[in-house]
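Have a look at the structure below before the remarks.
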Amino acid sequence: MNTVLIEKGSCKMVAHRGVSGLELENTCAAFVAAGVKSYYGIETDVHVTSDGKYVIFHDDDMKRIAGVDLVIEKTDFERIRSVRLPDKDGETYRSDLIVPTLEDYIAVCRKYDKVAVLELKNYMEPRHVEAIASVVKKMGWFEKTTFISFCADNLIVLRKLYADASIQLLADKLDDSCFELMKKYRFDADLHGKFVTGETVSRLHAAGIKVNCWTIDDPNNAAELIAMGVDFITSNILE
């Protein structure tokens, strides 16, 4: 098993949930798999537990990944950490496959000198947005972290706290309201790749907005986006 190498030119590649095409998504194993390769960044998702801790997981609940009926944001940290995650085959269990903390993720990014692309999942109370940013800052990795979210409110809180933070607004596709938010708060764009066109890229670049595309696993699709001049591609397997 290996990643699929492509001609990326000046486009920067981001490992989606780590190299989730090789290792179980959003685990330290997936992050290390990205760390030892040529990726520019490692993307992941952070949730707030019921007792105010910050854990790395994509879904709102653990059913798909772990087969247990636990909602992340309604479950305490110790219970979540006690769950052993099955490997990608759904059958093999390894001691390194548990839900990481925010600190675990940043530590891997720092060790391998990768940009952390950190998605703030769901709406978060402003105090949690601030606390997550503080964790990253205390670990010395704030300048090498890009914060992303579908929830503009999270990102607005962050922008008001940190004028120079790297921030991308997630969206399925660019509409006028998203575009105005990006211009007003100096957000870059993180768009579903299948909706991105050359016109979209030109419009955003003309406004000084960088373009990230998710989640692109087909080399031909990637080649088309690279030809359009996108700045980043987020992928499970392309490198």
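The values are calculated or read from the model by the stated rules, or taken from the named source; none is laboratory data. None of the values given here were measured: they were computed from a predicted structure. Note: ideal-geometry Cβ built from the backbone for every residue, glycine included; neighbour counts use all protein chains shown. We work out accessible area using only protein heavy atoms, side chains counted, and drop any ligands, DNA or RNA first. Shrake-Rupley method; radii C 1.70, N 1.55, O 1.52, S 1.80 Å.
Springs between Cα atoms under 10 Å define the GNM used for the chain, and in it the highest mean-square fluctuation of Ser166, Ser50, Ser20 occurs at Ser50. Taken over region 1-84, the percentage of Cα pairs per 10 Å bin, counting from 0 up to the bin with the maximum distance, is 17, 42, 27, 12, 2. Rounded to the nearest whole Hz, the Karplus-based 3J(HN,Hα) values (6.51 cos²θ - 1.76 cosθ + 1.60, θ = phi - 60°) of region 198-211 follow the sequence x, 5, 4, 4, 4, 5, 5, 4, 5, 8, x, 9, 6, 10, with x at glycine and proline. Computed over protein heavy atoms with a 1.4 Å probe, the accessible surface of the chain works out to 45 Å² per residue.
Pairs spanning more than 23 Å between alpha-carbon atoms, out of Lys53/Lys183; Lys63/Lys88; Lys63/Lys173; Lys8/Lys114: Lys53/Lys183; Lys63/Lys173. Residues whose amide H comes within less than 5 Å of that of Asp45, counting only those at least five positions distant or on another chain, are Phe57, Glu119 (H built at 1.01 Å from N in the peptide plane). Of the solvent-accessible surface of the chain, computed with a 1.4 Å probe over protein heavy atoms with every protein chain present, carbon and sulfur atoms account for 48 percent.
Note that region 170-186 has calculated 3J(HN,Hα) couplings of 7, 7, 5, 8, 7, 10, 5, 5, 4, 4, 5, 4, 4, 5, 5, 9, 6 Hz, one per residue in order, obtained from phi through the Karplus relation 6.51 cos²θ - 1.76 cosθ + 1.60 (θ = phi - 60°); glycine and proline are x. Taking the Cβ of Glu143 as the center, what net charge do the other residues with Cβ under 14 Å away carry, scoring Lys and Arg +1 and Asp and Glu -1? Charge balance near Glu143 sits at +3. Over all directions, the projected convex hull of the C-alpha atoms in the chain averages 12.3 nm² in area.
Quick one: of the DSSP bridges fully inside the chain, what percent are antiparallel, nearest 5? Taking every DSSP beta bridge with both residues in the chain, the antiparallel ones total about 15 percent. For region 94-161, the relative contact order is 38 percent, taking Cα pairs closer than 8 Å that sit 6 or more residues apart in sequence and dividing their mean separation by the residue count. Result for the chain in a Gaussian network model with C-alpha springs under 10 Å: among Leu161, Leu169, Leu225, the largest mean-square fluctuation is at Leu161. Roughly how large, in nm² to one decimal, is the mean projection of the convex hull of the alpha-carbon atoms in region 112-239? Convex hull of Cα atoms, orientation-averaged projection: 7.9 nm².
If only the Cβ of Lys and Arg carry +1 and only the Cβ of Asp and Glu carry -1, the dipole of the chain around its Cα centre is close to 660 debye.
3J(HN,Hα) along region 161-168, derived from phi through the Karplus expression 6.51 cos²θ - 1.76 cosθ + 1.60 where θ = phi - 60°, amounts to 7, 9, 5, 9, 4, 7, 9, 10 Hz, with x in place of Gly and Pro. Of the residues Ala34, Ala207, Ala165, the one that moves most in a GNM of the chain with alpha-carbon contacts below 10 Å is Ala207. The Cα-based radius of gyration of region 145-207, divided by its Kirkwood radius, gives an Rg/Rh of 0.95.
Rolling a 1.4 Å probe across all protein chains gives His47 an accessible area of roughly 0 Å². Amide H contacts of Lys12: Phe232, Ile233, each under 5 Å away and 5 or more positions distant or on a separate chain (H built 1.01 Å from N in the peptide plane; Pro and chain starts excluded). Projecting the Cα atoms of Val117, Cys178, Ser235 onto the charge dipole of the chain, computed from C-beta unit charges around the Cα centre, puts Val117 farthest toward the positive end. Helical runs assigned H by DSSP (4 residues or longer) give the chain a calculated mean residue ellipticity at 222 nm of -9000 deg cm²/dmol, each run adding -39500 (n - 2.57) before division by the residue total.
Given Ser50, Thr146, Ile98, which one lies farthest toward the positive end of the charge dipole of the chain, if we put +1 on the Cβ of every Lys and Arg and -1 on the Cβ of every Asp and Glu? It is Thr146. Under 5 Å from the amide H of Ser166 lie the amide H atoms of Phe147, each residue being 5 or more positions distant or on a separate chain, with H modelled from the backbone and absent for Pro and chain starts.
Only Cα pairs under 8 Å and 6+ residues apart enter the sum, and on that basis the relative contact order of the chain stands at 21 percent.
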